[in-house]
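K.L.:
Below is one structure. I have some questions about it.
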Amino acid sequence: MSGNEALIRVENLQKHYNKGVIKALDGINTEIKKGEVVVVIGPSGSGKSTFLRCLNLLEVPTGGHIFFEGVDITDAKTDINVHRQRMGMVFQHFNLFPHMTILKNMTIAPMKLQGKSEAEATEMAMSLLRRVGLEDRANAYPSQLSGGQKQRIAIVRALCMQPEVMLFDEPTSALDPEMVGEVLEVMKQLAKENMTMVVVTHEMGFAREVGTRVMFMADGKQVEEGTPEEIFTDPKSERLQSFLAKVL
Amino acid sequence: MEGLQLWWEGIQKQFVMNFIADDRWKYLRDGLVVTLQLTFCAVLIGIVIGVVIAMIRSTHDKNINEMHKGLGSLILKFLNFIAKVYLTVIRGTPVVVQLMIMYYIILASSSSKLLVGTIAFGINSGAYVAEIVRSGIMSVDQGQFEAGRSLGFNYVQTMRYIIIPQALKTVLPTLANEFIVLLKETSVAGYIAMQDLTKGGDIIRGATFSPYMPLFAVALIYLAMVMFFTFLVNRLERRLRNSER
């Protein structure tokens, strides 16, 4: 695959409920290139989370196509499990496995899915834990961590699979305000290392500072798309203008 | 005073006749061993059946609306149908009747009563365990499932490594209770001439023509076992609660 080709290409993506009465996604088209940080913003109910969850088929689209590394993952014949291993995902509510230690949370997928030895997987997990400053919590259980710590663990758990792209679904929305910073810091670090990221968030500061492209969604459609500069200082559509007036 | 002494002597005599003479206490001991064997083996079979049925039922309930029409959804619908029939029939008929059907009809050719009893009680218990485990699976947060799938685990792997361990942990006390219930239910094993604890007491009664001692002894042994296992379950429950925090 050549460097310029899109890592993810989305064509006319649709997600309808009740036989088309409710259109959560109504024809989304976009391309995400390697190293891009695409931030998706929009009012609640605009479909941004649905869009993100469609990218790894946690939500099954009712129409359109998604190509990941050139493969149409919406094709029923594609084994989505293989491709999901290359797409990390971070959830609003962390979703760490409460019955496993932090270390086990991080090593189980590489061991069971990539055939890594326990030593290999542990070594990688520990080096990632050091990067987020949580190596001393390796043997703790998720219930013993704070929200911010849990989310940092959730991020490095996904990184353990060495994904090509990271999907973030409102990663700071469930956090106490004083813990938002530590999570955003890890994400900024990740962006600096050229990780391809798609981030659904309400953190406009993050969108502005870290995003290479911002996508504004409303009513299941992408209303406006552009650099953070364009979106935040020169919004074209009325929807975006009124949205920004409320959140900024 | 004299009356009391006579009464006491009577009790001693009864005790000797029912338990000491001809080593009759051995009926109780051997019966107890059979009862425990039967209960332990049946509960193991019950758990295996129960987990499988619970997986089929919850997989069906969670996914059937989102699945593409095809062979997969057809198989799942069929399995779910079988599971529902099993649950309805087993929970809708008395265990004694199931036991006799198993002994006199389905496994009539088998020579081992213990085997027949184990299978019959295991199949019976499986229906109750299935509903317990299913409630456990349904109680695990959907986010756990999504986290597993998003890492690349397939459906079965997600169930095995992430959902089932959490579900079992939640329902462990209830499962242990099911074991206690089963322990008492096996007392009908005498219907297929198994010499369990209850039957052992009954044999003594038949030999001595004195009902009080053997029957109260049997009742006392059941009660002691149930109290002991209940004590263990309560401790287990406390332990689990503490580890959650």
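K.L.:
How would B:191, B:103, B:222 rank on accessible area, largest to smallest, probe 1.4 Å?
P.N.:
B:191, B:103, B:222
K.L.:
Related question: Would you please give the FRET efficiency between residue B:22 and residue B:191, computed as 1/(1 + (r/R0)^6) with r the Cβ-Cβ distance and R0 = 30 Å, to the nearest 0.05?
P.N.:
Working: r = 25 Å, r/R0 = 0.85.
FRET efficiency, residue B:22 to residue B:191: 0.75.
K.L.:
Once phi is turned into ³J(HN,Hα) by the Karplus curve 6.51 cos²θ - 1.76 cosθ + 1.60 with θ = phi - 60°, what whole-Hz value does each residue of region A:100-107 show in order, with x for glycine and proline?
P.N.:
Per residue, the Karplus-derived 3J(HN,Hα) values read 10, 5, 4, 4, 5, 3, 7, 8 Hz.
K.L.:
Whole-Hz Karplus ³J(HN,Hα) for region A:230-236, in order, using 6.51 cos²θ - 1.76 cosθ + 1.60 and θ = phi - 60°, x for Gly and Pro?
P.N.:
So the Karplus estimates, Gly and Pro as x, are 4, 5, 8, 9, 9, x, 8 Hz.
K.L.:
Report, in degrees rounded to the nearest 10, the 0 to 90 angle that the Cα long axis of helix A:177-192 makes with the longest principal axis of chain A.
P.N.:
90
K.L.:
Counting only other residues whose beta carbon sits under 10 Å from that of residue A:184, what net charge do I get with K and R as +1, D and E as -1? Before the final figure, lay out the partial values.
P.N.:
Numbers: positive: A:188; negative: A:182, A:185, A:203, A:209.
Its environment carries a net charge of -3.
K.L.:
If you roll a 1.4 Å probe over the protein assembly as shown with all protein chains in place, what percent of the accessible area is carbon or sulfur?
P.N.:
So the carbon and sulfur contribution to the accessible surface is 58 percent.
K.L.:
Separate question: Could you provide, to the nearest whole Å², the per residue accessible area of the protein assembly as shown with probe 1.4 Å?
P.N.:
49
K.L.:
Interface size between chain B and chain A, please: total buried accessible area, 1.4 Å probe, rounded to the nearest 100 Å².
P.N.:
Rounded to the nearest hundred, the buried surface is 1900 Å².
K.L.:
For residue A:104, which aspartates and glutamates qualify as cross-link partners when the Cα separation must be under 18 Å and same-chain residues fewer than eight apart are set aside?
P.N.:
A:118, A:120, A:123, A:135, A:136, B:146, B:244
K.L.:
Where does the protein assembly as shown land at 222 nm, in deg cm²/dmol rounded to the nearest 500, when only DSSP H runs of n ≥ 4 count, each adding -39500 (n - 2.57), divided by all residues?
P.N.:
On the way: 19 runs with 282 residues, N = 493.
Helix contribution divided over all residues of the protein assembly as shown: -18500 deg cm²/dmol.
K.L.:
Let me ask something else about it. Take chain B, connect every pair of alpha-carbon atoms lying under 10 Å apart with a spring to form a Gaussian network, then pick out the residue of B:148, B:122, B:200 with the largest mean-square fluctuation.
P.N.:
Comparing B:148, B:122, B:200 in a Gaussian network model of chain B, the most mobile one is B:148.
K.L.:
Once you've got the Cα coordinates, tell me which of A:34/B:62; A:19/A:48; A:150/A:188; A:77/A:192; A:15/B:62 are over 24 Å apart.
P.N.:
Among A:34/B:62; A:19/A:48; A:150/A:188; A:77/A:192; A:15/B:62, the Cα-Cα distance tops 24 Å for A:34/B:62; A:77/A:192.
K.L.:
Calculate how steeply helix B:197-208 sits against the longest principal axis of the alpha-carbon atoms of chain B, using the helix alpha-carbon long axis, and give the answer as 0 to 90 degrees to the nearest 10.
P.N.:
Taking Cα atoms only, the helix is inclined about 20 degrees.
K.L.:
Cα centroid distance between region A:113-159 and region B:180-245, in Å?
P.N.:
Region A:113-159 and region B:180-245 have Cα centres separated by 48 Å.
K.L.:
In degrees, nearest 10, range 0 to 90: what is the angle between the Cα axis of helix B:25-63 and the longest Cα principal axis of chain B?
P.N.:
20
K.L.:
Then there is this: Could you name the aspartates and glutamates in cross-link range of residue A:33, using Cα to Cα under 12 Å and dropping any fewer than eight places away on the same chain?
P.N.:
Leaving aside aspartates and glutamates fewer than 8 places away in the same chain, those within reach of residue A:33 are A:5, A:69, A:164.
K.L.:
For the ranges B:224-232, A:25-33, A:147-155, A:197-205, what's the packing order if you count other beta-carbon atoms within 10 Å of each residue, average per peptide, and put the highest first?
P.N.:
Highest mean packing first, the order is A:147-155, A:197-205, A:25-33, B:224-232.
K.L.:
So for the protein assembly as shown: antiparallel DSSP bridges make up what percent, rounded to the nearest 5?
P.N.:
Numbers: 21 of 38 bridges.
If we restrict to bridges inside the protein assembly as shown, about 55 percent are antiparallel.
K.L.:
Further, regarding this structure: What are the residues whose amide H is under 5 Å from the amide H of residue A:85, where those residues sit 5 or more places off or on another chain and H is modelled from the backbone?
P.N.:
none
K.L.:
Provide a whole-number value for the mean count of partner chain Cβ atoms within 10 Å of the Cβ atoms in peptide A:83-90.
P.N.:
Average neighbour count from other chains, rounded to a whole number: 3.
K.L.:
I'd like the accessible area for residue A:176: 1.4 Å probe, protein heavy atoms, all chains in place, Å² to the nearest 10.
P.N.:
80
K.L.:
By the scheme Lys and Arg +1, Asp and Glu -1, what is the net charge of all other residues having a beta-carbon under 13 Å from that of residue B:18?
P.N.:
Combined, the nearby Lys, Arg, Asp and Glu give +1.
The values are calculated or read from the model by the stated rules, or taken from the named source; none is laboratory data. Note that the structure is a prediction, hence the values are computed from the model and not measured. Counting neighbours? That spans all protein chains shown, and the Cβs are built from the backbone with ideal geometry, glycine included. Quick note on the areas: whole protein, heavy atoms, side chains included, nothing else; ligands and nucleic acids left out. Shrake-Rupley method; radii C 1.70, N 1.55, O 1.52, S 1.80 Å.
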